[in-house]
Amino acid sequence: MKTQVLHDSPYSIFRISEALTCWQAVLVMTSSGLIAALLFTLGGMLVQISLAFLFILGFIAVIVFLAGINGAGLCLTDLVNKNPFRSILGYLIDGLINLPKLIGAGILLFLLYIIAILAVALILLICKLPGIGPLLLVIGIPVSILIVAMTMIGSYMAGSIVAPAIWGGEKVLNSISITWEITKRYPFAALGKIIGGLVLCILFGSIVFALTFFASSIVAGMAIPIIGSGVRLDVFAMMGGHFGGGGHISGALIGFGLTFAAVSAFIFLLPLMVGILTWSEFSQKIDLESIRQKTSVAIKDAREKVDEMKEKAKKQPAPLTAGNSELSEAQLATATTSASLHCPQCNGIVQKDDRFCEHCGNKLI
């Protein structure tokens, strides 16, 4: 039964705990993490054959893990919007298909961060001036710190809203424009919701990790006297069917690893849920269609300017090179011939083969 808080605010930050009950998102995150870990392990085993295996399989592992995060975000978006859930494989595939959008948005946000860093570098460069430089540093240092701090806060806010916007079906540039509009109109409300959600994530995560750690310690304390205390990680022996004391310890370590991997997947879903709730709440307070139209017009104008620049470049006369020298000489000969059809003295019309002008007698050749 929903509480009064959840009833009054369907996107309350206290709904982040629902992410821990969404087993579809947990499975998507956990399965992608396990596949990525197996690929990394396989790359490490094949590194003796060629170092390329480590880089190739490592790259694939990163893509799989990012696709899992993306798929889990799509799953939580369906949870918040009360849409029908897809299959686990469907979320992984959709996460992989949707991944280029997130990467593109991440690149654009990173470029904005680089611009801010360059601005700080320019301020410090100006403060390097002799004489007045130390005085400028009194103002330049606080301004630089403020720029970096605001950039860090803005980057976290943008990342918390842009990704859910893409999961909601928005295009990359539209999602960035909408995020800018939200942060411009509701800066403190959106920031307060995100920071409040982050605090709750840390609180929930600390409790779950502490509970898992103490429970694992109790189980390990019981397992050591029962199974044996010889700790020897021998994964290859266990895979080969040799389940001695080392094999039992290896199995136990892998079991503990799977447990903490699943718990990590639980915890990682919480900040995703914060971003989705923030996006769902504030996207309803602005005119999304108007922002989409303005973004489309801006993109169209930029493309027209680029096309105009290309047309101007095409219309500029090409410089004389060895490749077009013959053509230039032919054009020059044609122009000379056309000019010789008139007498240079009386400007009367003459024939091409005339030696004297028939009007004034001027010698033509």
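The values are calculated or read from the model by the stated rules, or taken from the named source; none is laboratory data. Small disclaimer: the values here were computed from a predicted structure and weren't measured. Backbone-built Cβ (ideal geometry, glycine too); neighbour counts: all protein chains shown.
When you look at residue 299, is it buried (at least 16 other Cβ atoms within 10 Å of the Cβ), at pLDDT 80 or above, of a type in the set (Val, Ile, Thr) and part of a helix (DSSP H, G or I), yes or no?
When the stated conditions are applied, residue 299 does not pass them.
Modelled with pLDDT of 85 or more and polar (S, T, N, Q) - does that describe any residue in region 36-54?
Checking region 36-54: not a single residue is modelled with pLDDT of 85 or more and polar (S, T, N, Q).
Of the residues that sit in region 129-162 and are modelled with pLDDT of 85 or more and loosely packed, with under 11 Cβ neighbours inside 10 Å, which one is nearest to residue 283 (Cα to Cα)?
The selected residue is 149.
Among all residue pairs at least 6 apart or on different chains, which show Cβ distances below 7 Å where the first residue, located in region 183-203, is under 10 Å from residue 13 (Cβ atoms) and the second is small (Gly, Ala, Ser) and surrounded by 15 or more Cβ atoms within 10 Å (Cβ to Cβ)?
194/160
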